[in-house]
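Okay, so here's the structure we're looking at.
The values are calculated or read from the model by the stated rules, or taken from the named source; none is laboratory data. Only a predicted model underlies this, so the values are computations on that prediction, with no experimental measurement involved. As a convention, Cβ positions derive from the backbone with ideal geometry for all residues, glycine included, and neighbour counts pool all protein chains shown.
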Amino acid sequence: MAEGLVEGGRARPATTGSAEQPPERPRGVFEQLSAVADAVLYEGYLLYPYRRSSAKNRVRWQFGVLFPRDWVESDGPVVPGVSGSADSWYQQTECLLRIRRPGDASVRVRVRYLQAQRKQVEESGNSGNSGDSGHRPVASLRTDDGTVHLTFDEAVPRECEVVVPLDELLETGRTVPVGAAAGVDVEPLPAGAGRVVRHRDEIRADTTVTAERLTDDLCRLRVRTANTGPAPEGRAARDEALRRALIATHTLIGGDGVEFVSLTDPPGDLAAPARNCRNEFTFPVLGGAADDAGYLLLSAPIILPDHPQVAPESPGDLHDAAEIDEILTLRTMLLTDEEKREARATDPRAAAILDRVDTMPQEVFERLHGAVRSLAPVTPATAPETASAPTDRPAWWQEDADDGLSPTTDTVLVDGVPLGGGSRVRLRPRGRGADAQDMFLAGRTAEVAAVFHDVDGSVHLAVTLDDDPAAELHTWYGRFHYFRPDELEPLVPAGNPDEPSAPAPAAAPARHTTDSETPTAEAD
């Protein structure tokens, strides 16, 4: 991910496209998500090491790209998915709203994206190829002050906002333009050496917001953003079509007198309407702090958990403002002087990252190493009962803490059934706190490969999916899915491959097993 707009916890305003001006009201709600939203906005903008010549920078902007429909569907209709890693011409968010103030509720929608622009460096001269401007395009140009300027595609942040009474959305809905105008900016270079010309093509797009009442105090909100512009002439390449696309498109939704419902962890009585929400090329999650009311929602083209936050250890918008800041900082430090010069000339955001790394105080760098946020003492109340591992073992930092633990032969009791290597289970990810990726595996059957005891006293079982064609390969190099014991349902192995497995009956009281009695995973 690349440099965003936030520096030192304060956001610079993005360029605003055409949209209806909202009435004056508090604006702090969306700003709580500014750093997270900017990380989404600049996903794929530049990848380290932030140089034009880097192979990673030759295919850019992979998430939330909304192309003109004729271009993206030239080979057939798009296939909707839950996130925006596939190109599309539209993006649709559906979510549930509790109505807290009937007749006086409103919804605020802010659509954000990047508009591509061509940055062309031109050298002054009187060559016959220079045209009537007296300038000719070049790949790079070094001015007398030693600064290098490179021809490279950039992007301009755009955002458009509208506030609509909920009653209007329930009756007719509202459609607003969210596109951006074409433009040309010319920046003279020092001493008449040349200039930098930036070209932007027009983006035509609109956002439609509607609502459907489900009960007296519950409705389904839909926000649909579509690229309505024409495709480039002929069979244009992707880079050409990007100039008319909305890039890294995502939506912030807030409201007055309403409360959003989590779609990844809905209350039991709203589980069915939550499943009926259709989100296409985007993934909505609750914003704000975990203990806040559901007054904010972020619908992003990447999968996030509810209440996403930037780690406090992250110094500004360094790289992706997440837990891999340290390794990316080290990687940036290892750039040669020539690579750093190229990175600085590629884009001002790349230069800002280099400046931040080069001047980072030692205490800030040490903070990037990581933090423990949920360490708790191991007690019989928090450690699950196992059939072959004691719960009163020494703390993980003490000597011999791992004595007596064997991931391939240990078992853990689930509904009275000892599960270990070779056991068959059905996956039942718990709603609250489950990883979004794990939730997609609900109901699938799997085989346990190992039992792992974590340093916080919890236990996780490593499993491979029965219908994964690469399961054997994953077992070979140790790549598994991990679930807590309470997320697994024991199964009795089927008599033959065509028979479905049945839930296992409750077992007799647990006893310690020997290696010969404990089933193990196949070596192959």
Please work out if GLU187 is buried (at least 18 other Cβ atoms within 10 Å of the Cβ) and out of contact with any helix residue (DSSP H, G or I) (no Cβ under 8 Å at 6 or more places or on another chain).
no
With the condition being surrounded by fewer than 21 Cβ atoms within 10 Å (Cβ to Cβ), I'd like the strands (runs of 3 or more DSSP E) fully within the stretch 406-475 carrying at least 1 qualifying residues.
412-414, 424-427, 445-453, 459-465
Give me the pairs: first residue in the stretch 346-368 and assigned by TED's automatic domain parsing to the domain that holds VAL156 and modelled with pLDDT of 85 or more, second residue of a type in the set (Lys, Arg) and assigned to a helix (DSSP H, G or I), beta-carbon distance under 6 Å, and six or more apart or on different chains, which are they?
ALA351/ARG344; LEU354/LYS340
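I'm checking my understanding of the structure. Among residues of the stretch 83-109 that are polar (S, T, N, Q) and outside any strand (DSSP E or B), which one is surrounded by the fewest Cβ atoms within 10 Å (Cβ to Cβ)? Full working, then the answer.
Initial filter on the stretch 83-109 (polar (S, T, N, Q)): 83, 85, 88, 91-93, 106.
Checking which are outside any strand (DSSP E or B) leaves us with 83, 85.
Numbers: SER83: 18, SER85: 14.
Ranking the qualifying residues of the stretch 83-109, first place goes to SER85.
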Considering residues of the stretch 252-297 that are hydroxyl-bearing (Ser, Thr, Tyr) and within 15 Å of the chain's Cα centre (by Cα) only, the residue modelled with the lowest pLDDT:
THR264
Of all residues in the stretch 298-343, count the ones that are at pLDDT 85 or above, assigned to a loop (DSSP other than H, G, I, E, B) and not β-branched (Val, Ile, Thr).
8
Pair list, Cβ < 8 Å and 6+ apart or interchain, from the stretch 212-230 residues that are under 30 Å from ALA181 (Cβ atoms) to residues that are in a strand (DSSP E or B) and small (Gly, Ala, Ser):
LEU221/ALA211; ARG222/ALA211; VAL223/SER299; THR225/ALA205; ALA226/ALA205; ASN227/ALA205; THR228/ALA205; GLY229/ALA205
Has the stretch 242-252 got at least one residue that is surrounded by 15 or more Cβ atoms within 10 Å (Cβ to Cβ) and at positive phi?
yes
Of the conditions (1) crowded, with 16+ Cβ neighbours inside 10 Å; (2) at pLDDT below 90, GLU24 clears all except one; give me its number.
(1)
Select from the stretch 272-284 the residues that are touching a residue at least 24 places away in the same chain (Cβ under 8 Å) and not in a loop (DSSP other than H, G, I, E, B) and list them in ascending order.
PRO273, ALA274, GLU280, PHE283, PRO284
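Output the residues belonging to the stretch 121-149 that are among the hydrophobic types (A, V, I, L, M, F, W, C) and at pLDDT below 90. Quick ask: steps written out before the conclusion?
If we filter the stretch 121-149 for residues that are among the hydrophobic types (A, V, I, L, M, F, W, C), which is where we start, we get 121, 138-139, 141, 148.
Scanning the stretch 121-149 gives a single hit, VAL148.
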Hits in the stretch 255-298 - residues which are surrounded by fewer than 21 Cβ atoms within 10 Å (Cβ to Cβ) and of a type in the set (Phe, Trp, Tyr):
TYR295
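Kindly indicate which of ALA155, ALA193 is over 32 Å from the mean Cα position of the chain (by Cα) and of a type in the set (Gly, Ala, Ser).
ALA193
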From the list ARG118, ARG112, pick out the single residue that is part of a strand (DSSP E or B), at pLDDT 95 or above and charged (D, E, K, R).
ARG112
Yes or no: VAL176 modelled with pLDDT of 90 or more, part of a loop (DSSP other than H, G, I, E, B) and surrounded by 15 or more Cβ atoms within 10 Å (Cβ to Cβ)?
no
